[in-house]
Amino acid sequence: MKKLPPFLPGLSTKLQGRRRRRQLEILKQKRAEAIDASHAELAALFHDILPADWLSSIASDQRESIYTQAVVFWAWLSQVMEQNESCAKALARVEGWCEAAGESRPAFDTSAYCKARGRLPDEFLDRIHGRIERFAEARVENHQLWRGLRIKAIDGTSVKLMDTPENQIKYPQPSAQAKGCGFPVMGIVGVLDLARGTLSDFITCPFRQHDIKGFYQLRGHFKAGDLAVGDRAFCSYEMLALLAAGGVHSVMRLHQRRDAKRDWKAGRRIDRNSRLVVWRKPAKKGATGLGSEEWDSLPTTMELRYVRTEVPGRDGKPRTIYLVTTLLDGDDYPDEEVAEVYHQRWGIEVKIRDIKTTMKFEMLRVKTPAMAHRTVKMIQIAYNLIKARQAEAIRGEAISLEELGFKATLDLIDECLGGFAGLQRHPRLLARSLEMFEQRLRERLLPLRPGRQEPRAVKTRPKPYQYLTKPRHEFIEIQHRGKYLKAA
């Protein structure tokens, strides 16, 4: 029925137009729509790091769809944090979100969800990563620095990919394996900021590529006032000189070739375990990837410092190793503290173990190199989100990030995640739940036991299966007189 005004009854009220809304009302409505679109419990847990309205503002998809970029991001993130779960489980989680919001459920077909993951823009993930980094950076306190320097460690690792032609071309399998009997192997070199605990950046490469090339590509992440720490694979004249030119100090283990030619009596003695030496520029460039101009700009000589220290070997017995550093002053940087800084390099090994073993990403179930790189980016975001949550929980407390267990935090998220469902529109309840979560997180402290020997060995015997030496359609099982039991 048409509503008519008391005056000029022949005219409809629609001609009067609508009341102009204020800009604040428009922003409130957009924020409410963004919150309604973020059904995930993880969105509530990390609402202060990745607000729903901000996530909606950086999304490039404007069309109406179940698999929006925000929904795909939270679903994929849940897969990562649930330790490499399947796409089917992520889809079931999306169905639960839709039911809770009173929306229509998507068809239970993982192909649509997997295609939506493939469409997720890299720029979208990069902006999310940048916001997490800024959040963690704001929580860095003075006690997390070493003598005013920010320690950044670099190391390399590798992961297996699915055996597809695209993966084999980009990241070929080891040459010792027969064709069709192995998996492509992707190398990863990453930089870890020990002050905030986050994985700052990474590059992917064939596993045969030397890690020093990855160091050259990532050198931009080392700024003046940083302290680069790495093993002997990264100890080269070129990288030490490039970092020093940018005001970056280094502590690295002496490369094995220089260690074999080392003369401890050469140079100038500082103390019993420390000497100043002079390195000369090599006759030709190494395998770092430097350009000709960069190579020509390097100094012809460089003064460095050797530090001698004892560490337990793999057999548990003490052994002597030699470090090289650009920290030349023995009074400001004592030998014991320089050695302790290098021992912190083991921290990046532990972080890699957290990602590959704890989160079960020793193999990525992806079919293309592009999805492999994007998956590693999602792993980086998930890892940094957890570290940012830990940094916020211990802010102002006399607790270091190393004292909070990564696996304990994952278990606590899994236990408490259901309690965050539906709290996006209830800020007081959400703040109370988050405060209780952080309190419980601070209670889960690891006992720090420096020097504890943890041999890399397994107790459970593997099943006596044969090795696959031919493709499966050609392979014939051989009965080894009862020593090999055929699988039922």
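The values are calculated or read from the model by the stated rules, or taken from the named source; none is laboratory data. What you see is a predicted model; the values in this text were computed from it and never measured. No Cβ is skipped: glycine too gets one built from the backbone with ideal geometry, and neighbour counts run over all protein chains shown. Ligands, DNA and RNA are excluded from the accessible area calculation, which covers all protein heavy atoms including side chains. Shrake-Rupley method; radii C 1.70, N 1.55, O 1.52, S 1.80 Å.
One residue stands out among those in the range 190-215 that are of a type in the set (S, T, N, Q) and under 24 Å from G130 (Cβ atoms): the one that is surrounded by the most Cβ atoms within 10 Å (Cβ to Cβ), which is T198.
The residues on offer are A59, A75, A88, and the sole one that is under 29 Å from E362 (Cβ atoms), open to solvent by 10 Å² or more (accessible area, probe 1.4 Å) and touching a helix residue (DSSP H, G or I) at 6+ places or on another chain (Cβ under 6 Å) is A88. Being within 30 Å of A70 (Cα to Cα), surrounded by 10 or more Cβ atoms within 10 Å (Cβ to Cβ) and modelled with pLDDT under 85 is not true of H480.
When A107, A138 are checked against the criterion of being open to solvent by 20 Å² or more (accessible area, probe 1.4 Å) and within 30 Å of A393 (Cα to Cα), A138 stands alone in meeting it. Inside the range 316-346, residues that are of a type in the set (D, E, K, R) and assigned to a helix (DSSP H, G or I) make up a count of 4.
Just one of the numbered conditions (1) under 29 Å from L194 (Cα atoms); (2) assigned to a helix (DSSP H, G or I) is not true of R139; which one? The one condition R139 does not meet is (2).
Is it true that K356 is surrounded by 16 or more Cβ atoms within 10 Å (Cβ to Cβ), in contact with an Asp or Glu (Cβ under 9 Å, 6 or more places away or on another chain) and not in a helix (DSSP H, G or I)? So K356 fails the test. For the range 357-389, a tally of residues being within 15 Å of the chain's Cα centre (by Cα) and farther than 15 Å from F202 by Cα returns 12. A search for C-beta distances below 9 Å between a residue of the range 208-221 that is aliphatic (A, V, I, L, M) and any residue that is surrounded by 18 or more Cβ atoms within 10 Å (Cβ to Cβ) and assigned to a helix (DSSP H, G or I), counting only pairs 6+ apart in sequence or on different chains, returns I212/A233; I212/F234; I212/E238; I212/M239.
Tell me, please, whether a residue that is among the hydrophobic types (A, V, I, L, M, F, W, C), over 30 Å from S400 (Cα atoms) and not in a loop (DSSP other than H, G, I, E, B) can be found in the range 207-220. Among the residues of the range 207-220, at least one is among the hydrophobic types (A, V, I, L, M, F, W, C), over 30 Å from S400 (Cα atoms) and not in a loop (DSSP other than H, G, I, E, B), which makes the answer yes.
Got at least one residue in the range 150-159 being in a helix (DSSP H, G or I), surrounded by 14 or more Cβ atoms within 10 Å (Cβ to Cβ) and touching a Leu at 6+ places or on another chain (Cβ under 9 Å)? No, the range 150-159 contains no residue that is in a helix (DSSP H, G or I), surrounded by 14 or more Cβ atoms within 10 Å (Cβ to Cβ) and touching a Leu at 6+ places or on another chain (Cβ under 9 Å). Answer with yes or no whether E349 is of a type in the set (D, E), at pLDDT below 90, open to solvent by 60 Å² or more (accessible area, probe 1.4 Å) and in a helix (DSSP H, G or I). Criteria not met by E349. Here G230 fits the description: closer than 22 Å to W146 by Cβ, in contact (Cβ under 8 Å) with a residue 60 or more places away in the chain and open to solvent by less than 20 Å² (accessible area, probe 1.4 Å).
Taking the residues in the range 248-289 that are free of Cβ contacts under 8 Å to residues at least 60 places away in the same chain and in a strand (DSSP E or B) as candidates, determine which candidate is farthest from Y322 (Cα to Cα). This residue is R280.
Select from the range 391-407 the residues that are modelled with pLDDT under 90 and small (G, A, S) and write down the one among them that is least open to solvent (accessible area, probe 1.4 Å). Among those residues, the one meeting the criterion is G405.
If you go through the range 175-189 one residue at a time, how many are open to solvent by 10 Å² or more (accessible area, probe 1.4 Å) and either in contact with a Gly (Cβ under 8 Å, 6 or more places away or on another chain) or modelled with pLDDT of 90 or more (or both)? Adding up the residues that qualify gives 3. Here the helices (runs of 4 or more DSSP H) wholly within the range 38-93 that include at least 3 residues being under 24 Å from the mean Cα position of the chain (by Cα) and within 17 Å of L410 (Cβ to Cβ) are 41-45, 69-81. Before we move on, is L328 surrounded by 15 or more Cβ atoms within 10 Å (Cβ to Cβ), over 18 Å from the mean Cα position of the chain (by Cα) and modelled with pLDDT of 90 or more? Judged against the criteria, L328 is not a match.
Here the condition is being within 27 Å of F234 (Cβ to Cβ) and outside any strand (DSSP E or B); of Q168, Q173, it holds for Q173 alone. The numbered conditions (1) surrounded by fewer than 16 Cβ atoms within 10 Å (Cβ to Cβ); (2) closer than 30 Å to L145 by Cα; (3) among the small types (G, A, S) are all true for S236 except (1).
Can you tell me which residue within the range 94-103, out of those that are assigned to a helix (DSSP H, G or I) and acidic (D, E), is farthest from the chain's Cα centre (by Cα)? My answer is E99.
With the condition kept exactly as written, say whether any residue in the range 246-256 is charged (D, E, K, R) and open to solvent by 70 Å² or more (accessible area, probe 1.4 Å). For the range 246-256, residues charged (D, E, K, R) and open to solvent by 70 Å² or more (accessible area, probe 1.4 Å): absent.
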